[in-house]
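Here is the structure we will look at, set down as structure tokens.
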Amino acid sequence: MSEDRKRQVLKSIINHFIQTAEPVGSNTILVSYHFHVSPATIRNDMVELEDEGYIYQPHTSAGRVPTDKAYRLFVDEMIDYEKDRKEAVKLIQTLKRDHDASKVREELYDAISILARATNLVSFATTPDKQFFRHNRQCKNIHRRRKHT
């Protein structure tokens, strides 16, 4: 029995249960998390995890559910906090960029509305798409690099 595989099975059970809130069966683990062993091997690992108190079976025909002991192990030893922190920072930056762009559009629409009322004429504006901003940023970076060389 591979201790590493058993930990991966436990981690998979916890992750799947967190996502679905449903008991997790061996076939689900095998297919969803791409283990290259038989379903019987996964079931044997699950039996050992159950004997060790990390998972339990709510009723005979159900899959397994993590216990408090499993969650404690998950939090203390299995979570990659640095990876999660980087993903969170990236998400926050994306949300901030989207929010800033939304605010600029909102202010532009307000300005166009004021212009239309003040001149009593039809007024409109367009905003560049994200590709334009991305291309423009890349051009600026290339220009900066050429200046410094």
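Remarks
- Positions within segment 87-104 being under 18 Å from the mean Cα position of the chain (by Cα) and of a type in the set (Ser, Thr, Tyr), in sequence order: Thr94
- Against the conditions (1) touching a Phe, Trp or Tyr at 6+ places or on another chain (Cβ under 8 Å); (2) in the same structural domain as Met46 (by TED's automatic domain parsing), Ser61 satisfies every one except (1).
- Yes/no for Ala21 being over 13 Å from Leu10 (Cα atoms) and over 22 Å from the mean Cα position of the chain (by Cα): no
- Evaluating Val89 against the criteria (1) at pLDDT 90 or above; (2) in the same structural domain as Ser12 (by TED's automatic domain parsing) leaves one unmet condition, (2).
- Of the residues screened, Gln19 is not one that is modelled with pLDDT of 90 or more and either in contact with an Asp or Glu (Cβ under 8 Å, 6 or more places away or on another chain) or closer than 30 Å to Thr127 by Cα (or both).
- Residue within segment 75-82 that is closer than 14 Å to Ser12 by Cα and either of a type in the set (Val, Ile, Thr) or modelled with pLDDT of 95 or more (or both) present: yes
- Meets criteria (surrounded by 10 or more Cβ atoms within 10 Å (Cβ to Cβ), hydrophobic (A, V, I, L, M, F, W, C) and at pLDDT 90 or above) for Ala116: yes
- Applying the condition of being out of contact with any Phe, Trp or Tyr (no Cβ under 9 Å at 6 or more places or on another chain), surrounded by fewer than 18 Cβ atoms within 10 Å (Cβ to Cβ) and hydroxyl-bearing (Ser, Thr, Tyr) to segment 29-56 and asking which residue is nearest to Lys69 (Cα to Cα) yields Tyr56.
- Residue list for segment 39-55, filter: more than 28 Å from the chain's Cα centre (by Cα) and among the aliphatic types (A, V, I, L, M): Ala40, Val47
- Flag for Glu48 being in contact with a helix residue (DSSP H, G or I) (Cβ under 8 Å, 6 or more places away or on another chain) and either within 30 Å of Ala125 (Cα to Cα) or of a type in the set (Asp, Glu) (or both): yes
- Members of segment 41-63 found to be of a type in the set (Gly, Ala, Ser) and at pLDDT 90 or above, listed by number: Gly53
The values are calculated or read from the model by the stated rules, or taken from the named source; none is laboratory data. Keep in mind it's a predicted model, so treat the numbers as computed, not measured. Positions of Cβ are backbone-derived with ideal geometry, glycine not excepted, and every protein chain shown enters the neighbour counts.
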